[in-house]
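Q: Quick one: this structure, given as structure tokens, is what I'll be asking you about.
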Amino acid sequence: MSFLHDILYRFREYILLIFTVLISFVLIFSNDNPQVNAFRGKMLDAFSFVQEPLLELERLGNLQEENLLLHQRIVELSIQVQQQKEAVLENQRLRKLLRFQNESKLDVKPAKIVNRGSSSLVNSVTINLGSDDGIKENQAVVVSEGVVGKVISVGESSAIVQLLTDVNFRLSVKTRRTRANGIVVWQYENLCTMDNVPKTLDVQVGDTVITSGYSDIFPEGLRVGRVTQASNDVPGYHKRIRVETFVNFNELEEVFVIVQRPRIEQAS
């Protein structure tokens, strides 16, 4: 009670003013005198004049709130569309990988790339398989398009893969059509050179380049790339050959690790 009494006492002038104004309005709007009616009309006009912009401001506030909600909904729908597109692309990639796994005679394990460029010295990626999954150093890594690289370091649940696009990577290859042997060395982007091919051998633009099988890591016949240039117009005894890799290394997301070479090769 003391608190209420303090409030009433502190604001007694305002309370008295409000009470007086209310009494005045009651008396005005209950009186039928012509002059009072005229005053009442003017008062209503004044209230309407003040109330109209207030209502307009309220409508504008509601519109802003609706616009904010619509914008939020648009963003949510845009995210959903992007997620659906990503799901479709992932489904297509996984179907392609599954088809390769089913059709290939290789003993492979699928892996997902979880990091890129984990080493400043080697152009590499990190995959989500390790020694617990049977992964070992010097196992070949491939996709359906062709050779990706080889495992160079293994942890319990992850491994580092040196890519074909590393400057220190060397791959023994041959052309499928004429069996001309050479060594693939990366140059830039998805382009490599095929070195040590004598000028006397038949290599032409469009020839498919595959692994030679002379390596202890890569089985014979894995796709590597396509010849884009083959020329004898260079000094020395070897051709100038450029090869474009079949694998687009910028788009890699899933790969296969060859955990065991084919039995025929092992027997030989």
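Q: Within the stretch 108-268, what percent of beta bridges assigned by DSSP are antiparallel, to the nearest 5? Kindly include the intermediate steps, with their values, before the conclusion.
A: Values: 48 of 48 bridges.
Counting only bridges with both partners in the stretch 108-268, antiparallel ones make up about 100 percent.
Q: Still on this structure, please answer the following. Hand me the trypsin sites (Lys or Arg not before Pro) from the stretch 158-248 located in a DSSP loop with no more than 15 other Cβ atoms within 10 Å, in residue order please.
A: Values: sites: R170, K174, R176, R177, R179, K199, R223, R226, K239, R240, R242; in loops: R170, R176, R177, R179, K199, K239.
Those satisfying the criteria are R170, R176, R177, R179, K199.
Q: Still on this model: Which whole-number percentage describes the relative contact order of the stretch 108-268, with Cα contacts under 8 Å and a sequence gap of 6 or more? It would help to have the intermediate numbers written out before the result.
A: On the way: 405 pairs, mean separation 37.8, N = 161.
With pairs under 8 Å counted, the relative contact order is 23 percent.
Q: Also, I was wondering about something else. For the stretch 108-268, with only Lys/Arg (+1) and Asp/Glu (-1) charged at the beta-carbon, what is the dipole magnitude about the Cα centre, in debye rounded to 20?
A: Details: 18 positive and 18 negative charges, 110 e Å.
With only Lys, Arg, Asp and Glu charged at Cβ, the dipole is about 540 debye.
Q: If you rank V247, V227, V75, V147 by fewest surrounding Cβ atoms within 10 Å, what's the result?
A: By the 10 Å Cβ count, ascending: V75, V227, V247, V147.
Q: Within the stretch 108-268, count lysine pairs with alpha carbon atoms under 25 angstrom apart where the residues are 8 or more positions apart or belong to different chains.
A: The result is 9.
Bear in mind that the values in this text are calculations on the coordinates, not laboratory data. Computed from a predicted structure; not experimentally measured. Backbone-built Cβ (ideal geometry, glycine too); neighbour counts: all protein chains shown.
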